[in-house]
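Below is one structure, written out as structure tokens; the observations come after it.
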Amino acid sequence: MSPLQPARGTRDLIGEELRRHRHVIETARRIAETFGFEEWATPVFEDTRVFSRTLGETSDVVMKEMYSFTDRSGESLTLRPEATAGVCRALVSNGLTQSLPQKVFYAGPMFRYERPQKGRYRQFHQIDIELIGPAHPLADAEVMACGHCILEALGVAEGVTLEINTLGDAASRAAWRAALVAYFTARRDELSAESQARLERNPLRIIDSKERADQPIIAAAPVIAPYLTPSAAAFYAGVKQGLLRFGVPFRENPRIVRGLDYYGHTAFEFVTTGLGAQGTVMAGGRYDGLVAEMGGPPTPAVGWAAGIERLAMLLPAVPEAAAPVAVVPIAPELEAHAVVILQRLRREGIRAELEYTGNLRRRMERANRIGARWAVILGEAERERGSVQLKDLASGAQSEVPEADLIARLS
Ligand code: ATP
Ligand code: MG
């Protein structure tokens, strides 16, 4: 029988790879906590409508990328392609729409049927933060500041640039959209087939196109600035002022539109040139209409999501797990005593492993193979004296240590 492979676009995370993922999540969780965010977990699959209603029927995610299936009772379910919709569904389901603000941190796997390539998978992982409640532009700035602090704590902020844009309010967007439709319609024949289809369905999305043919046309397309209403312009000015207050460097990029439908006002991406084509590591914006789409009251909110795989690739180095202490009884009669010492070390938080079998030489070989820093060697004579042999496996130096002093020597 030929060995089975992981499903296309999925990966096993083992050893260094998992350590990198975990380091990203643990760092983000710790920084987000200092900003007052609390972790939530919601189901991996949801009623398909949680996503189809909110991400936009015409978005790439809903049209092409969702893992949807009918379960045994005929319900349409979808493996979540992102976290925000589920968080907003949970806010409403749990009656939290009157307990604002809710500051949510999220980490977990997401699923999108995409063409797998470096930095793009079918099961991938995201960290997210969602700040639900405040309508103030300082909230947008704070959410971006939190993202920036996480990138700093991961040691990758240097190579990453925050790019921001505004999508205005509904009136600004409608005026801009009309200008875009006029502009793109005049150049329809030069657009990629995909963008021609978008022209009918969702013209703003053309600006997000990754097709090479579209790029020169996009570069000269109308920007939103002249179409902003005074209040939308004031909001955007407030966001930029907030970023200055938080000391977060940024660059304005009028081409940022975001791939999902629920964004308005602020849209932003943290981008890097260090990852080839998949250069966006963290992306988000304001989504004041989403909670209402879930059947809740109109609720302002702003947040972002970051791809853990892409952050993990950027990481300079990850701390290795502490080297273990090997507990090595020299004869089977000392096994019971070895287990007592083993558990005593572990209760003190020291990583310790027992070498079960073989003669002393074989057991020591294995202790070296697992990368042990110390070996605690248990012999009959030492046991009678209430002591052990402690061997430094780096230098080879060995000395007899009273059992009572062992923890202190190893800490
Ligand atoms: P892209 O334009 O690269 O397709 P997106 O706009 O679809 O990104 P978002 O929905 O904003 O991405 O997701 C936020 C982040 O999650 C992205 O910036 C990226 O880091 C990560 N991400 C999105 N899709 C994938 C994927 N298929 N594989 C790995 N990471 C992903
Ligand atoms: Mg995408």
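Residues that are at pLDDT 85 or above and either among the aromatic types (F, W, Y) or away from ligand 2 (no atom under 16 Å from the Cβ) (or both) within the range 264-285 comprise G264, H265, T266, F268, F270, T272, T273, listed in sequence order. Determine if the range 139-147 includes at least one residue that is within 25 Å of T266 (Cβ to Cβ) and within 14 Å of ligand 2 (Cβ to nearest atom). No, there is no match, as no residue in the range 139-147 is within 25 Å of T266 (Cβ to Cβ) and within 14 Å of ligand 2 (Cβ to nearest atom).
Applying the criterion of being touching a helix residue (DSSP H, G or I) at 6+ places or on another chain (Cβ under 6 Å), aliphatic (A, V, I, L, M) and within 8 Å of ligand 1 (Cβ to nearest atom) to the residues of the range 264-307, the residue that is nearest to A171 (Cα to Cα) is M282. Taking the listed residues A170, A174, A135, A141, the one that is more than 28 Å from P109 (Cβ to Cβ), open to solvent by 50 Å² or more (accessible area, probe 1.4 Å) and modelled with pLDDT of 95 or more is A135, with no other qualifying. The listed residues are L180, L151, and the only one of them that is more than 16 Å from ligand 1 (Cβ to nearest atom) and either of a type in the set (A, V, I, L, M, F, W, C) or not assigned by TED's automatic domain parsing to the domain that holds E26 (or both) turns out to be L180. F268 meets the conditions (1) without any contact (Cβ under 8 Å) to a residue 60 or more places away in the chain; (2) assigned to a strand (DSSP E or B) in every case but one. The failed one is (1). Closer than 25 Å to T299 by Cα and within 16 Å of ligand 1 (Cβ to nearest atom) - does that describe any residue in the range 62-69? Yes, that holds for at least one residue. For V92, are the conditions met, namely being in contact with a Gly (Cβ under 7 Å, 6 or more places away or on another chain) and either among the hydrophobic types (A, V, I, L, M, F, W, C) or farther than 19 Å from F45 by Cβ (or both)? Spelling it out, V92 is indeed in contact with a Gly (Cβ under 7 Å, 6 or more places away or on another chain) and either among the hydrophobic types (A, V, I, L, M, F, W, C) or farther than 19 Å from F45 by Cβ (or both). Candidates T70, T10, T84, T58: the one that is within 16 Å of ligand 2 (Cβ to nearest atom) and either surrounded by fewer than 17 Cβ atoms within 10 Å (Cβ to Cβ) or farther than 20 Å from H125 by Cα (or both) is T58. Selection of the range 195-205 for residues being part of a helix (DSSP H, G or I) and either within 17 Å of A175 (Cβ to Cβ) or touching a Pro at 6+ places or on another chain (Cβ under 8 Å) (or both) yields P203, L204. In the range 54-66, the residues that are within 17 Å of A83 (Cβ to Cβ) and of a type in the set (A, V, I, L, M, F, W, C) reach residues that are within 11 Å of ligand 2 (Cβ to nearest atom) and assigned to a helix (DSSP H, G or I) with C-beta atoms within less than 6 angstrom, at least six apart or across chains, in these pairs: L55/V61.
Applying the condition of being away from ligand 2 (no atom under 11 Å from the Cβ) and in a strand (DSSP E or B) to the range 108-126 and asking which residue is nearest to the chain's Cα centre (by Cα) yields Q126.
When the residues of the range 211-263 are filtered to those that are of a type in the set (D, E) and open to solvent by 50 Å² or more (accessible area, probe 1.4 Å), which remaining residue is nearest to P298 (Cα to Cα)? For the range 211-263, the residue satisfying everything is D261. Checked against (1) assigned by TED's automatic domain parsing to the domain that holds G307; (2) over 21 Å from the mean Cα position of the chain (by Cα); (3) within 29 Å of L315 (Cβ to Cβ); (4) not hydrophobic (A, V, I, L, M, F, W, C), T48 passes all but a single condition, namely (3). Residues of the range 19-72 that are farther than 22 Å from Y287 by Cα, in a loop (DSSP other than H, G, I, E, B) and in contact with a strand residue (DSSP E or B) (Cβ under 6 Å, 6 or more places away or on another chain): D71 alone.
Yes or no, residue by residue, for (1) under 30 Å from G119 (Cβ atoms); (2) open to solvent by less than 10 Å² (accessible area, probe 1.4 Å); (3) part of a loop (DSSP other than H, G, I, E, B); (4) not assigned by TED's automatic domain parsing to the domain that holds Y121:
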site: R310; (1), (2), (3), (4): yes, no, no, no
site: E320; (1), (2), (3), (4): yes, no, yes, yes
site: E335; (1), (2), (3), (4): no, no, no, yes
site: V339; (1), (2), (3), (4): no, no, no, yes
site: L345; (1), (2), (3), (4): no, yes, no, yes
site: G349; (1), (2), (3), (4): no, no, yes, yes
site: G358; (1), (2), (3), (4): no, no, yes, yes
site: R361; (1), (2), (3), (4): no, no, no, yes
site: R366; (1), (2), (3), (4): no, no, no, yes
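Within the range 95-117, restricting attention to residues that are out of contact with any helix residue (DSSP H, G or I) (no Cβ under 8 Å at 6 or more places or on another chain) and within 16 Å of ligand 1 (Cβ to nearest atom), which residue is most open to solvent (accessible area, probe 1.4 Å)? My answer is R115.
The values are calculated or read from the model by the stated rules, or taken from the named source; none is laboratory data. Keep in mind the model is a prediction, meaning the values are calculated, not measured. With ideal geometry, Cβ positions are generated from the backbone for all residues, glycine too; neighbour counts draw on all protein chains shown. Heavy atoms of the whole protein, side chains included, go into the accessibility calculation; ligands, DNA and RNA do not. Shrake-Rupley method; radii C 1.70, N 1.55, O 1.52, S 1.80 Å.
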